[in-house]
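Student: For reference, the structure I am asking about is given below.
Readers should treat all values here as calculations from the given coordinates under stated rules, not as data from a laboratory. Keep in mind it's a predicted model, so treat the numbers as computed, not measured. As a convention, Cβ positions derive from the backbone with ideal geometry for all residues, glycine included, and neighbour counts pool all protein chains shown.
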Amino acid sequence: MKFTIENGNDICSIGMSDIGSYIRFNYPLTVVWRDCQGSVGKYVSVLPYNEEYRKTVRDKINEDLNQDFTNNIQGLYRALHPLFPIFKNGSYILQFYNSKQKEFFEYKSSIDNFEKSRYEDLEVVFPDEITDIRNADNVIKNHKQFFKEVKISKEFYPSSLLDYSTSGIYKDFESLYATQPQQDIDGNRVKYFENIIKNGARPFAIIFNAYFDLNDYYSSNFILDGHHKLLAYKKLGIYPPLATITYSPDNIDEVEFDAKKLAESLYPWQTKHIMEHWDDKNFLDENAAQDGLAKSEKIIKANSESKNSSFLDRLNNMFE
């Protein structure tokens, strides 16, 4: 179902480009981008838990999310309508995928001349660590110590600061990306959903993504609501029903990628990797990215426990 938002507050949106995508609630929540190492691998970072974001989404959804809206897309639209003003104005597509048909996860392969339906595994992606630039000092120091230990043990581990501090994923086709850290998952809440699913309920999760067909820009699939439900489905080996909200820009001017806010939120070495591997240089606002890096530098130095010259020199080199 196509629909238009005209009263949006632009609080929550998706940014995307040829290098990757992010979801933001004022500031980025989760960022996914190509690792540019000659494979289909991607880096993924999740930012610290945003209670305002979670509360806003929860407060906007007042309807029962246990219903099957397969044949009632208008009903789904009415149920989710209170949520729409947090998005930006523009064109959107609303879809519903039920648990039995598993259409969201369906794909076909050249192995059998695209005749048989196959299904991607349910992948709920949580990065190993939280990206918090206030802790950049400790990340750098811990990496330095880790590098020393690796040299002694001669075991193979990723040696760069980027690989050390950033999670990677290779299976991405229909992966669902968390918008909150795994540390904030409530195990009891997951068990609650396990029990009601075992008893026949099929609560659905809400996925937010974006696609711009003219440039073939597409975002990752971000979990707007339903982390605990999805983990319960994963544990039970059951495919979940999903409601997807897809932002569909009408032209390139409506495609967002806020380099400044991204640079203010990520570690500087992550931002530099994105900037260096961004193919569409016309779409990259380097001045905005540099402004964001300047702000992140101040935040990192203000939160740094280390005042020795070697650390500050290393940090300064990252911002040159």
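Student: Which of the residues belonging to region 200-239 are of a type in the set (Gly, Ala, Ser) and closer than 22 Å to Pro28 by Cα?
Tutor: Ala205, Ala210, Ser219, Ser220, Gly226
Student: Provide a single number: the residues in region 27-50 that are in a strand (DSSP E or B) and free of Cβ contacts under 8 Å to residues at least 60 places away in the same chain.
Tutor: 0
Student: Where residues in region 60-90 are in a loop (DSSP other than H, G, I, E, B) and of a type in the set (A, V, I, L, M, F, W, C), which of them is surrounded by the fewest Cβ atoms within 10 Å (Cβ to Cβ)?
Tutor: Ile61
Student: Quick one: in region 1-51, of everything that is more than 17 Å from the chain's Cα centre (by Cα) and closer than 24 Å to Gln270 by Cβ, which residue is surrounded by the fewest Cβ atoms within 10 Å (Cβ to Cβ)?
Tutor: Checked region 1-51; the qualifying residue surrounded by the fewest Cβ atoms within 10 Å (Cβ to Cβ) is Gly38.
Student: Here is a follow-up. How about region 207-238: which of its residues are in a loop (DSSP other than H, G, I, E, B) and surrounded by 21 or more Cβ atoms within 10 Å (Cβ to Cβ)?
Tutor: Of everything in region 207-238, those that are in a loop (DSSP other than H, G, I, E, B) and surrounded by 21 or more Cβ atoms within 10 Å (Cβ to Cβ) turn out to be Ser219, Ser220, Gly226.
Student: Quick check: anything in region 51-59 assigned to a helix (DSSP H, G or I) and hydroxyl-bearing (Ser, Thr, Tyr)?
Tutor: For region 51-59, residues assigned to a helix (DSSP H, G or I) and hydroxyl-bearing (Ser, Thr, Tyr): present.
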